[in-house]
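Reviewing the structure listed below.
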C-alpha cells in the first residue's frame with residue numbers, strides 16, 4: 001500500500017513536468033524539423049533493425065554474429081518490459097491517440113535505440129558517443145512528433161540501459177561458470 005501511495009504522489013509532479021516540456025517542445029518545433037524527426041523515428045522500424053543486425057553479422061565476420069546476437073538478447077527483454085508497461089499503464093499519447101496496444105508510456109523507440117547504442121558502444125568503443133547521441137536524437141524525435149512525453153522517453157531509455165546491463169551480467173556469469181566447469 002505504501003508503494004502505491006508513493007507512486008501516486010510522484011505521478012502528479014511527473015504529469016505536470018511532462019505537460020510543460022511537451023508544450024515547450026511543440027511551441028519550439030519548426031516545420032523543417034518534421035522530416036529529420038520522421039527519418040529518426042523511421043530508423044526504429046523492425047525491418048530496418050533486422051537488416052542492420054543482419055548486415056553487422058555478415059559484414060563483420062569476426063565479431064559481427066556475436067554483436068548481432070547480443071543485440072537480439074538485449075532487445076528481447078527490452079521489448080517485453082516496454083510492451084507489458086504499455087498495456088498496464090494505458091497512457092494516452094500527447095497527440096490524443098489512446099490505444100492499449102500502442103500506449104505512450106514507455107517509449108519503445110527510446111528503449112530500443114538506447115539498448116542498441118549500449119550494445120554497439122561496447123563493441124565499437126570509439127563510436128560510443130555518436131551511438132548514444134543518435135539514440136538521444138531518436139528519443140527526442142518522438143517528442144518533436146508529439147508521440148511521447150519526456151517521462152516516456154526517459155523511462156524507455158532506462159529500460160534499454162537496464163536490459164543491456166542485465167544481459168551483460170547474465171552472459172558474464174554464464175561465461176564464468178563455463179570457465180570454472182572447464183577448469184575442474
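Residues in the range 98-141 that are over 22 Å from residue 83 (Cβ atoms) and touching a helix residue (DSSP H, G or I) at 6+ places or on another chain (Cβ under 6 Å): 120, 121, 123, 128, 131, 132, 137. Criterion first (surrounded by 11 or more Cβ atoms within 10 Å (Cβ to Cβ), assigned to a helix (DSSP H, G or I) and modelled with pLDDT of 90 or more) does residue 37 satisfy it? When the stated conditions are applied, residue 37 does not pass them. Candidates 166, 116: the one that is at pLDDT 95 or above, within 30 Å of residue 30 (Cα to Cα) and either out of contact with any strand residue (DSSP E or B) (no Cβ under 8 Å at 6 or more places or on another chain) or in a helix (DSSP H, G or I) (or both) is 116. Residue selection: residue 27 fails the criterion of being more than 23 Å from residue 171 (Cβ to Cβ) and not in a helix (DSSP H, G or I).
Anything in the range 54-68 that is touching a helix residue (DSSP H, G or I) at 6+ places or on another chain (Cβ under 8 Å) and either in a helix (DSSP H, G or I) or within 17 Å of residue 113 (Cβ to Cβ) (or both)? List them, or say none.
Initial filter on the range 54-68 (touching a helix residue (DSSP H, G or I) at 6+ places or on another chain (Cβ under 8 Å)): 54, 56-58, 60, 63-65, 67-68.
Result: 54, 56, 57, 58, 64, 65, 67, 68.
Only one entry of 140, 121, 135, 179 meets the criterion of being assigned to a helix (DSSP H, G or I), buried (at least 17 other Cβ atoms within 10 Å of the Cβ) and free of Cβ contacts under 8 Å to residues at least 12 places away in the same chain, and that entry is 121.
Residues checked against (1) modelled with pLDDT of 90 or more; (2) closer than 23 Å to residue 140 by Cα; (3) part of a helix (DSSP H, G or I); (4) in contact with a helix residue (DSSP H, G or I) (Cβ under 7 Å, 6 or more places away or on another chain):
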{"position": "9", "(1), (2), (3), (4)": "no, no, yes, no"}
{"position": "14", "(1), (2), (3), (4)": "no, yes, yes, yes"}
{"position": "52", "(1), (2), (3), (4)": "yes, yes, yes, no"}
{"position": "96", "(1), (2), (3), (4)": "no, yes, no, no"}
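Screening residue 111 with (1) modelled with pLDDT of 85 or more; (2) assigned to a loop (DSSP other than H, G, I, E, B); (3) closer than 18 Å to residue 142 by Cα gives one miss only, at (2).
The values are calculated or read from the model by the stated rules, or taken from the named source; none is laboratory data. This structure is a prediction, so every number in the text was calculated from the model and none was measured. When we count neighbours, we look across all protein chains shown, and the Cβ atoms used for this are built from the backbone with ideal geometry, even at glycine.
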